[in-house]
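Below you'll find the structure, written out as structure tokens, and then a few comments.
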Amino acid sequence: MILAGVTEHLGRQQAWCVETLGFAKPLVLRLSSEGRLEEPVELRLVIWADGRLEVESEVGSDPEDSIVSTHVEASLVQLAGGWAANRPVADDRHDLEQLRGKCREVVDIDLMYSFGVKSGLPLQPRFRAVRQVQVEKADARGFARLEMERDGTQVGFLLGPSVIDSSFQSLMALADPAVGLGSLKIPLSIKRLQPTGRAFSIGVWNYFQLLDWTEHSTLFKSWLINDAGETVLHFDSVHLQEVRDEHLQKVLQSSGRLGVEQQALYSTEWRPLPSPAEAGEQATKGEGKWLVLGRTDDITSLALEKDVRCVCVSHGKVKGKARSTDMCDEAALQAVLREQDWGAVVFVGFSSSQGGIDAEDVDVLELALHLFRAASAASSGRPAPLPVWLVTKGASTAPAAGAGSPTHSGLWGFARSARLEEPDSLRVVCLDLDPFSLESLGAALTSSLAEAQEQQGGARVEEELAICSSSAAGAAQLCGSRLVRSQVRARGPIRLNMPARGALLRPVPQAARRPTVPGSAQLRVRAVGLNFRDVLNVMGLYPGDPGPPGADCAGTVLEVGERVEHIRPGEDIFGEAPGCLSTYHLAPAPLLTQKPPSWSFEEACTMPVIFVTVEESLGDLAKLKKGERVLVHAAAGGVGLVAIQYAQFVGAEVFATAGADEKHDFLRGLGVKYITSSRNGAKFEEEMRQFLQEDGAEGVDVVLNSLSHDDYIPRSLALLRQGGRFMEIGKRGIWTHEQMREAMPDVQYERIEADTMMEKEPWRYNGYLKRLLERVDAGGLLPINMHVFQGFEEGVAALQFLQRAQNIGKVVISEPSRMLCSQRPETAGPMLLSGGTGALGVVAAQFLVEEGAKSLCLLSRGGRPSADVQAKWDWLQAAAVEVQVRRCDVSDEASVAALALECQGPFAGLLHLAGALADGMLPNLNRDMFQQSYGPKVHGLHRLIKHLQFEGVAPFVLFSSTSSLFGAPGQGNYAAANCVLDALAPHWTALKERQAVAVQWGPWAEVGMAAQKGTVQRAKASGIGSLSNSQGMAILGSLLRQQAVGGGPSPGVSLVGAAHIKWPKFLRTAYDGGAPAFLEDLQVEAAKAAVADGSNDKGADAMVALAALSQEERAAAIKESVLRLARDVVGDEELSMDAPLLESGMDSLSGVEFKNRLQQEFGGMRIPNSAVFDYPTAEALAGFVGVQFDATSSAAAPISQPALQNGSSRAEVGFSSSQEGSSSSSSSSPRRLLERLNERTTGSPVFLVPGAGLQAAGFQALAALLPVPAYGISWPKA
């Protein structure tokens, strides 16, 4: 791209080169299962007026939501005199035969590329452009022919990327075959890229010379040469550096849209706040008295009559001299608020009474509504709004500790919405008292409020505070709430990717399901049984083309193609699905049939190929019968264990071989008497003859063979009776029929090839699977022993376990239900969905069925699904599951009680989606609107639990909303109701009453209230993106699965926010007056993002600040900044200034990240990619930065560049699927100056050349270490 773009930009006659080329960030392309890009990607070559050159990408079709990343940074240098004058005499022309003669050792290409595979660099055939290669290892040089595939993909390239990449690959030919390449290395930088102006070609010669090779890095130079021996492109000092897997994963998670579900998850945590004295802040002592408002019983319970700071005014009638007012009368309430300049207006939002929940929570919210409106009006004319404090007890942090009560948690959600609606006239602070406190309510209130008020003098006002302790004996602390990235691991659909045969498998996101075609079935794969052919396949040793690994599987049918009638969506099946190492897979329907109902998915997936193999070999071909003797090799494997069951079922005697002693013991436990070695041929033969003599037999009647080493085939034949049957199931080293006829013409020899039957006779294969069901029903087949690995992430470990022959029976990869659906649906009750016929309810219902649910009960007031999910509703109706629709208004007690009489239960779980919107801004809200929101969402939930029965481990999923997390203008009632659900889930889980999780959902793009109400577009305008159905269900499944894997309820995963948020935009639009402390962490994150994309001038400000310091102060400040960034990148807070960075956990990718952050920190200062290697400690790197700062304090004059249109400082050459851009013009050449860098006087001098625009003074730290004179060539200063 650089070659084509710069040529187009400067013109073909202008000579140029590129210096200090650094690879800043990999470009991660996400492909669908069909090999197409999931999102449009545009690549741009950007040439700045000062000579900077960048390659950047833009991923995404929406300009407001696209991701722009810089991948390459370099300096473009224009050369005077044309191409002929700038071609080096020594290295411009080459004698190809002479180069070939210097490199006499011919290296096998396949062997060379195998080194890359072992190092984690599998390459597809089109990127393997090395056609022949010769080396001279003593001189560390080589000569190779590079040529693109002539299959049409070469069209349009001046010099194909595969040719350039293969010039780097050629170095693998210098590796020692006994050692290989070691760790994976990727390009980090190129000192100089020099074209020569000659025509490129898709076929060139490559002469390369290794300059340095260590365990962690490689340095080389190379020349690409045409057939005439002329250099067309020269790479000077290409630096490859080791990269570790953890950094690759980090790059994948942060690039493009990978990890999109993870990035959408948030949690709230409570952090102890330092006292103002500790923080060095001015404390606010809270002048003025406190006006305490609340219901009469609540005020009375406080017993604050003797506290001179408090003026208590009760709502309702009171006895004696106590003051009261009707808080529903806002005029009267305003009068009280204007009586004096109150230090605080305190509303008591907790109750000591045990009144009915339906009335109490809405009563309190109604009073808070009137208080907010009155306070907003009373603040008119004041320099600052009245400080209103909502005080609850155990409504925020305590529910997660199993204490307090979520009843009045809704006040917090209501307050968040009110703040957004009235930011200038309403100031509301929420304070939650410690329920573990042994103080009286009044004492707890006054002491906590005093401490909280003092905290408000800090630099950032806290709007949400809580007095936290974990028990009655624990020390209480004042804490503030903070929204953080959730630690819950989001896990969407994945697949095990094998880029090429012999390549390592890697789990990658499964982007989409392949469309169903006639004769196929779409599966949710629940378990995969591995076979040794999968091991041979992954190792590249299986004869022929075995296709992708994985075949034996069990799962649930999601969709069937045309002409498929024997299976239905919703049915659990088992059989063969080639390449099924993925969450979803498209399989040939004839190779599938219904799973044995009494077997688990894991048990069923062990059987298909081994049962068919045994049934065909011992049953249909050998016709093993009662009284005969059968020799079963590798009897502790899957085929062996089924063969033993078959022999015992028909009454035959088993002779077995196995390896380890524990396998012998296992087989004896199955009733096998005669067991010998599967590893030592001589021992096998000797012991078998003893067994036969002991049994009084001349030989065995049937051999089921899978061993070819140590002469096991002829040794086994020697034990076979005349006219015996030899069944061969092996793949490598086996005999042909001709060999067998020549050795033993009387033997019936059959080679069992189940894979051939799958391909050519699929319905015959299906017949064997049906026979398995009959055998299970007849009691002739039981599940075999298995080793289960949980999740496709463990796929590589499972294959390695099988490769080492550690298994007894089968090795299985299990993908459990993400919705915790029972493996035994016949004993499980139905899943209950309130609001089940709503759009989200139908989406969730389909996901439940896909994850294994067999019975659903959908509650609905209307009983009909919405039109936007009609297709999903039709799918549910056609699926092989029970779907009940019950008319029930969960907000009505009688309706739920009637449901309880109809449904005996118990239910297997609850998805609580019921809800109703009754939007209104603060001036228009009323009690009825709160009741409309609370009725289905809060009161309905309590009624369902009160009247219905649930299984003991039933999951409860409460659908909440981000309205409770951030507040939502016009939805204060809805936010309040959701906030109660947010408190209930951790409360129940902590008490071990229920396994519950609440999810604060952001907008859904395809269905739901947000989509119907047009909220999606409004949310997007404020920086909140929308979730797709697949993303939402993946998040939901991740939460439930994490609870299950964790061994039960865990408070840490009981409440999660789920929304796509662009924080810079959201903070600007939602909090124009400044973000609350609650969002402090995300505000910092947004600021870092702004720095990264150049929209923040923090770095420039830092440079100005540094310039104002003295030399000593500046050096200290630079050291502090460099060390801080280094510690952050390495993840070691103890890293010292003189610790070698490369030995402290920094590799090439993290080194580039470090370099990028240094550039941002120091105002875009030019720092080469190799800085970490040239200056290996924070101390040395700080010295380099300091020198660069001094050298650039008077800026270097920019090199002359072609004039850019419209006065722009940059030119773009863009490449995408649909466009190209270009510009061209003339240039001039810069003048360089020589500088002395040290005082050495003896030895051959060295000359150090910095990148374009940099100064040689940057090499002084290096020059001071050199024993010879050192000179630097600097770019001229202005």
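Step by step: first the residues of segment 485-506, then only those that are among the basic types (Lys, Arg), at pLDDT 65 or above and in a loop (DSSP other than H, G, I, E, B), then the one that is surrounded by the most Cβ atoms within 10 Å (Cβ to Cβ). Which residue is that?
By that ranking, first place goes to Arg491.
If Gln690 satisfies all but one of (1) polar (S, T, N, Q); (2) farther than 30 Å from Tyr765 by Cα; (3) in contact with a helix residue (DSSP H, G or I) (Cβ under 6 Å, 6 or more places away or on another chain), what's the number of the condition it fails?
(3)
Exactly one condition in (1) closer than 21 Å to Gln13 by Cα; (2) assigned to a helix (DSSP H, G or I); (3) under 49 Å from the mean Cα position of the chain (by Cα) is not met by Ala84; state its number.
Unmet condition: (3).
Could you tell me how many of the residues in segment 543-557 are buried (at least 21 other Cβ atoms within 10 Å of the Cβ) and not β-branched (Val, Ile, Thr)?
7
Does segment 349-359 include one or more residues that are modelled with pLDDT of 85 or more and not assigned by TED's automatic domain parsing to the domain that holds Ile945?
No - not one qualifying residue is present in segment 349-359.
Answer with yes or no whether Ala798 is of a type in the set (Gly, Ala, Ser), under 30 Å from Gly619 (Cβ atoms) and crowded, with 18+ Cβ neighbours inside 10 Å.
In short, yes.
Across segment 767-785, which residue is nearest to Arg1041 (Cα to Cα) among those that are at pLDDT 95 or above and among the hydrophobic types (A, V, I, L, M, F, W, C)?
Ile784
Counting only residues that are more than 36 Å from the chain's Cα centre (by Cα) and without any contact (Cβ under 8 Å) to a residue 40 or more places away in the chain, give me the strands (runs of 3 or more DSSP E) lying completely in segment 855-924 with at least 3 of them.
Correct list: empty, since no element meets the threshold.
Residues in segment 346-353: is at least one of a type outside the set (S, T, N, Q), surrounded by fewer than 21 Cβ atoms within 10 Å (Cβ to Cβ) and not in a helix (DSSP H, G or I)?
Scanning segment 346-353 turns up no residue that is of a type outside the set (S, T, N, Q), surrounded by fewer than 21 Cβ atoms within 10 Å (Cβ to Cβ) and not in a helix (DSSP H, G or I).
Give segment 740-778 a look and list any residue that's under 22 Å from Leu536 (Cβ atoms) and exposed (fewer than 13 other Cβ atoms within 10 Å of the Cβ), or say none.
Within segment 740-778, Thr756, Lys760 qualify.
Identify, by number, the condition in (1) buried (at least 18 other Cβ atoms within 10 Å of the Cβ); (2) not in a helix (DSSP H, G or I) that Val938 doesn't meet.
Result: Val938 passes all but (2).
Got a number for residues in segment 299-327 being hydroxyl-bearing (Ser, Thr, Tyr), under 16 Å from Phe350 (Cβ atoms) and without any contact (Cβ under 8 Å) to a residue 60 or more places away in the chain?
Residues meeting the conditions: 2.
Taking interchain pairs and intrachain pairs at least six residues apart, which have beta carbon atoms under 7 angstrom, with the first residue in segment 328-347 and among the β-branched types (Val, Ile, Thr) and the second assigned to a loop (DSSP other than H, G, I, E, B)?
Final answer for the pair search is Val345/Leu386.
Those residues that are out of contact with any Asp or Glu (no Cβ under 6 Å at 6 or more places or on another chain), among the charged types (D, E, K, R) and touching a residue at least 40 places away in the same chain (Cβ under 8 Å), I need them from segment 677-719; list them, please.
Asp695
Per-residue answers, yes or no, for (1) at pLDDT 80 or above; (2) charged (D, E, K, R); (3) at negative phi:
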{"position": "Glu269", "(1), (2), (3)": "yes, yes, yes"}
{"position": "Gly280", "(1), (2), (3)": "no, no, no"}
{"position": "Leu293", "(1), (2), (3)": "yes, no, yes"}
{"position": "Leu304", "(1), (2), (3)": "yes, no, yes"}
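Please report, ordered by residue number, the helices (runs of 4 or more DSSP H) entirely within segment 92-208 with at least 2 residues that are crowded, with 16+ Cβ neighbours inside 10 Å and modelled with pLDDT under 90.
Output list reads 109-118, 161-169.
Which pairs do you get when a residue that is within 17 Å of Ala587 (Cβ to Cβ), found in segment 746-771, comes within reach of a residue that is part of a helix (DSSP H, G or I) and of a type in the set (Ser, Thr, Tyr), reach meaning Cβ atoms under 6 angstrom, with the pair 6+ apart or on two chains?
Listed pairs, sorted by first residue: Ala754/Thr613; Met757/Tyr765; Met758/Tyr765.
Can you name every residue in segment 520-545 that is under 20 Å from Glu602 (Cα atoms) and in contact with a Phe, Trp or Tyr (Cβ under 8 Å, 6 or more places away or on another chain)?
Answer for segment 520-545, where residues must be under 20 Å from Glu602 (Cα atoms) and in contact with a Phe, Trp or Tyr (Cβ under 8 Å, 6 or more places away or on another chain): Gln522, Leu523, Arg524, Val525, Arg526, Ala527, Arg533.
Give the residues of segment 867-894 that are polar (S, T, N, Q) and buried (at least 18 other Cβ atoms within 10 Å of the Cβ), sorted by residue number.
Within segment 867-894, just Ser891 meets the criteria.
Take segment 568-591 and flag every residue that is more than 22 Å from Phe847 (Cα to Cα), of a type in the set (Gly, Ala, Ser) and assigned to a loop (DSSP other than H, G, I, E, B).
Gly579
Determine which single condition Glu565 fails, assuming it passes every other condition in (1) closer than 19 Å to Leu773 by Cβ; (2) assigned to a helix (DSSP H, G or I); (3) without any contact (Cβ under 8 Å) to a residue 40 or more places away in the chain; (4) not aromatic (Phe, Trp, Tyr).
Every listed condition holds for Glu565 apart from (2).
Would it be correct to say that Ser1026 is of a type outside the set (A, V, I, L, M, F, W, C), at pLDDT below 75 and crowded, with 16+ Cβ neighbours inside 10 Å?
no
Yes/no per residue for (1) β-branched (Val, Ile, Thr); (2) closer than 28 Å to Gln1031 by Cα:
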| residue | (1), (2) |
| --- | --- |
| Ala511 | no, yes |
| Ser520 | no, yes |
| Val528 | yes, yes |
| Val538 | yes, no |
| Leu541 | no, no |
| Gly550 | no, yes |
| Cys553 | no, yes |
| Leu558 | no, yes |
| Glu562 | no, no |
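The values are calculated or read from the model by the stated rules, or taken from the named source; none is laboratory data. What you see is a predicted model; the values in this text were computed from it and never measured. As a convention, Cβ positions derive from the backbone with ideal geometry for all residues, glycine included, and neighbour counts pool all protein chains shown.
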